[in-house]
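These notes are about the structure you will find just below.
The values are calculated or read from the model by the stated rules, or taken from the named source; none is laboratory data. What you see is a predicted model, and the numbers here were worked out from it, not measured in a lab. Because the Cβ atoms are built from the backbone with ideal geometry, glycine has one as well, and the counts that use them run over all protein chains shown.
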Amino acid sequence: MISMLSAAGAFLFVSQRYMETSIESHLASVARLHAQRIDEFMNFLTSELRLISSRTPLRKAVTDYVDRRDNAALDQINSILSDAKRSVSSFENLLLYGIDGKLITSISALSLESQQLDSGMRDKLLSNYQVTSTIIGAEGRRVIQVGGPMMDGNRAIGILVVLTSMEPLRAASSGSGGWVSEELIITEADAKGHDKAITPLRFAMAEDVPPLTLTQIKEQDKIKSDERNLLSGKDYRGVAVLASTQMLKNPAWTIMVKIDQDDAFRPIRDQRDLWLAMMLLVLVLVAIIGVWLSSYFTMPILGLAEVAVMIASGDFKRRMQHFSRDELGMLSYSVNRMADKLVDVSAELETQLRLQHERADRLNDQLIHANNELHWLSRTDSLTKLFNRRTLEETLENEWLRAIRTGHSLAAIMLDLDFFKSINDISGHASGDECLRRVGSVLKETVQRSGDFVARYGGEEFVILVIDANIEHACTFAERIRTRLAEEAIPHPSSDLAPVVTASMGITAMIPSNDRSPQELLDLADRALYLAKARGRNRIETVGPDQT
């Protein structure tokens, strides 16, 4: 009898530790998953901001404005930043500050607190790219702020800051709920070092932080933490919870996933109640049997003890087969029933663990798919499905270095659609977009040779890199593009040249060397394109590397 009770107690203890391990694994996995999603989103924002601040026209315009207060330079800054804001849908505003922290320009309307950076934030942004959250507007709306220095060589010329909505962050941190009470909280340290919740919204929009949060409890004696990093304590509701945290470096945020202990340990509690009831029943039966103990009961008791030992060793298949119509029979029935309950609870725990593993696998697959899609979107133009200018620059740099090693020639064709602006002005932007899509399809179908590359350079301009080709080969290739474009017969009723879309092309080619740069290839192709447009359009012009 004592062995049976000990076995049940040991099973309860092992079950609780098993459940705690499962909960810890789940919470830590969810916290890491959301930390990875948020970190990737912040890297995306920082990468886009670096790309914007590296644009040569923008840096030149900022330098001109800082040095000479040139209003034309300020207009160019506003134009470039407006284009950059439109190119990234999640951007709400782009702001340019001077190195003294004073605002130079803003693409959207600003609240008064955004007119001047405090000295601490200014120094941080001048030293490196930083990600924080901030509150803007009279309504106190919280947004993500990413900022960093603009450099002209080794000279800091300004601070570029982007504000973006919290919605992508909340989307990236949604969908954790393995338990009914499971909740994700993201906190950020304020200027006084106190943690302030920035999501969910009911915390992010409130001035008064709830009197008790998990982040605050971590610093109190009420928290108990072991080497498994499973935290226990009371949350802002005063409810006992289990939690796991994950720290981010930039931004300095804490991601916390918590569940109610009552929700987590409900199966164990039900099992414990059953065990207590069974223990009470066993004690009563032992007292009765002790009074009437005789040799008649010896064998059944030994059989009952044997079953209890089997249960204690983890074998729940053995059951009592014979029942007398007395207390011993009741006890035997109860032991069998307890074993059945233990089997059911064990099966339920295994099922929950399996479901959590399956959920984690699905979330991981979704994350991999999202990463692949984000990588593709960062390299292609969303309208024409051709590679974008950023990918062109990377590819040109790689092909340039490869051509230096092999000694092969590299040709560039810069193509501009004739009178394209009139399509947008007369037929509307929808017609202009459809025209660009069809031109993109023509270029993609024509540029089929392995190694050759086509990208949308900007607006109605496209660039084709022809590998291991001289100017004559590139001209033949360009004529094939012109012929294919004529066959496509894309309507252009407002053209001064023909009723269909035509193109002017500039071609150059050179053998790359260490004393030249890839940008020279594009500059020469652009000069040739200028000649083609100046000499009547719908034609091909060439400029060699030795022409000035």
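Looking only at segment 433-448, filter to residues that are free of Cβ contacts under 8 Å to residues at least 40 places away in the same chain and of a type in the set (D, E, K, R); which one of those is farthest from ILE490 (Cα to Cα)?
GLU445
Got a sec? Which of ALA109, ALA84 is of a type in the set (A, V, I, L, M) and within 26 Å of the chain's Cα centre (by Cα)? Spell out the reasoning first.
Numbers: ALA109 fails: within 26 Å of the chain's Cα centre (by Cα).
Going through ALA109, ALA84 in turn, the sole match is ALA84.
Of the numbered conditions (1) over 30 Å from VAL286 (Cα atoms); (2) modelled with pLDDT under 80, ASP381 satisfies every one except a single condition; which is it?
Evaluating ASP381 over (1) over 30 Å from VAL286 (Cα atoms); (2) modelled with pLDDT under 80 leaves (2) as the failure.
Just one of SER176, SER119 is modelled with pLDDT of 75 or more and either in contact with a Leu (Cβ under 8 Å, 6 or more places away or on another chain) or not hydrophobic (A, V, I, L, M, F, W, C) (or both); which is it?
Details: SER176 fails: modelled with pLDDT of 75 or more.
Unique residue meeting the criteria: SER119.
Please indicate, with yes or no, whether at least one residue in segment 62-78 is within 26 Å of SER165 (Cβ to Cβ), at pLDDT 90 or above, surrounded by fewer than 18 Cβ atoms within 10 Å (Cβ to Cβ) and in the same structural domain as PRO149 (by TED's automatic domain parsing).
yes
Could you run through segment 444-477 and say how many residues are surrounded by fewer than 16 Cβ atoms within 10 Å (Cβ to Cβ) and either in a helix (DSSP H, G or I) or among the small types (Gly, Ala, Ser) (or both)?
Result for segment 444-477: 9.
Name the residues in segment 80-116 that are among the acidic types (Asp, Glu) and either at pLDDT 85 or above or outside any helix (DSSP H, G or I) (or both), would you?
Of everything in segment 80-116, those that are among the acidic types (Asp, Glu) and either at pLDDT 85 or above or outside any helix (DSSP H, G or I) (or both) turn out to be ASP83, GLU92, ASP100.
So which residues in segment 387-421 are under 29 Å from SER495 (Cα atoms), under 24 Å from the mean Cα position of the chain (by Cα) and not polar (S, T, N, Q), if there are any at all?
PHE387, ARG389, listed by residue number.
Here are VAL501, VAL543: which of them is closer than 24 Å to ASN398 by Cα and either under 36 Å from the mean Cα position of the chain (by Cα) or in contact (Cβ under 8 Å) with a residue 12 or more places away in the chain (or both)? Show your work before the answer.
On the way: VAL501 fails: closer than 24 Å to ASN398 by Cα.
Only one candidate passes the filter, namely VAL543.
Given the structure, is LEU531 assigned by TED's automatic domain parsing to the domain that holds ILE464 and over 23 Å from GLU445 (Cα atoms)?
Values: assigned by TED's automatic domain parsing to the domain that holds ILE464: yes; over 23 Å from GLU445 (Cα atoms): yes.
When the stated conditions are applied, LEU531 passes them.
Any residue that is surrounded by fewer than 20 Cβ atoms within 10 Å (Cβ to Cβ), in contact with a strand residue (DSSP E or B) (Cβ under 7 Å, 6 or more places away or on another chain) and either modelled with pLDDT of 90 or more or in a helix (DSSP H, G or I) (or both) - is there at least one of those in segment 420-434?
no
Considering only residues that are touching a helix residue (DSSP H, G or I) at 6+ places or on another chain (Cβ under 6 Å) and either farther than 23 Å from THR446 by Cα or of a type in the set (D, E, K, R) (or both), which ones fall in segment 485-528?
The answer is GLU488, SER494, PRO512, PRO518.
For LEU49, indicate whether it is outside the structural domain of SER106 (by TED's automatic domain parsing), buried (at least 21 other Cβ atoms within 10 Å of the Cβ) and not basic (Lys, Arg). I'd like the intermediate steps shown before the answer.
On the way: outside the structural domain of SER106 (by TED's automatic domain parsing): yes; buried (at least 21 other Cβ atoms within 10 Å of the Cβ): yes; not basic (Lys, Arg): yes.
So LEU49 passes the test.
Within segment 479-524, track down each residue that is assigned to a loop (DSSP other than H, G, I, E, B) and farther than 22 Å from ASP425 by Cα.
Here is the first cut: in segment 479-524, the residues assigned to a loop (DSSP other than H, G, I, E, B) are 489-490, 492-499, 501-502, 511-517.
Within segment 479-524, ILE511, PRO512, SER513, ASN514, ASP515, ARG516, SER517 qualify.
Regarding ALA430, is this residue touching a residue at least 24 places away in the same chain (Cβ under 8 Å) and in the same structural domain as MET510 (by TED's automatic domain parsing)?
Answer is no for this residue.
So is ALA370 out of contact with any Ser or Thr (no Cβ under 8 Å at 6 or more places or on another chain), under 23 Å from PHE41 (Cβ atoms), assigned to a helix (DSSP H, G or I) and not acidic (Asp, Glu) or not? If you could, list the steps in order and put the result at the bottom.
Values: out of contact with any Ser or Thr (no Cβ under 8 Å at 6 or more places or on another chain): yes; under 23 Å from PHE41 (Cβ atoms): yes; assigned to a helix (DSSP H, G or I): yes; not acidic (Asp, Glu): yes.
Against the criterion (out of contact with any Ser or Thr (no Cβ under 8 Å at 6 or more places or on another chain), under 23 Å from PHE41 (Cβ atoms), assigned to a helix (DSSP H, G or I) and not acidic (Asp, Glu)), ALA370 qualifies.
Count, please, the residues in segment 524-542 that happen to be surrounded by fewer than 15 Cβ atoms within 10 Å (Cβ to Cβ) and at negative phi. Give the steps one after another, and end with the answer.
Taking segment 524-542 first, the residues surrounded by fewer than 15 Cβ atoms within 10 Å (Cβ to Cβ) are 534-536.
Remaining after also requiring at negative phi: 534-535.
Summing the residues that are surrounded by fewer than 15 Cβ atoms within 10 Å (Cβ to Cβ) and at negative phi in segment 524-542 gives 2.
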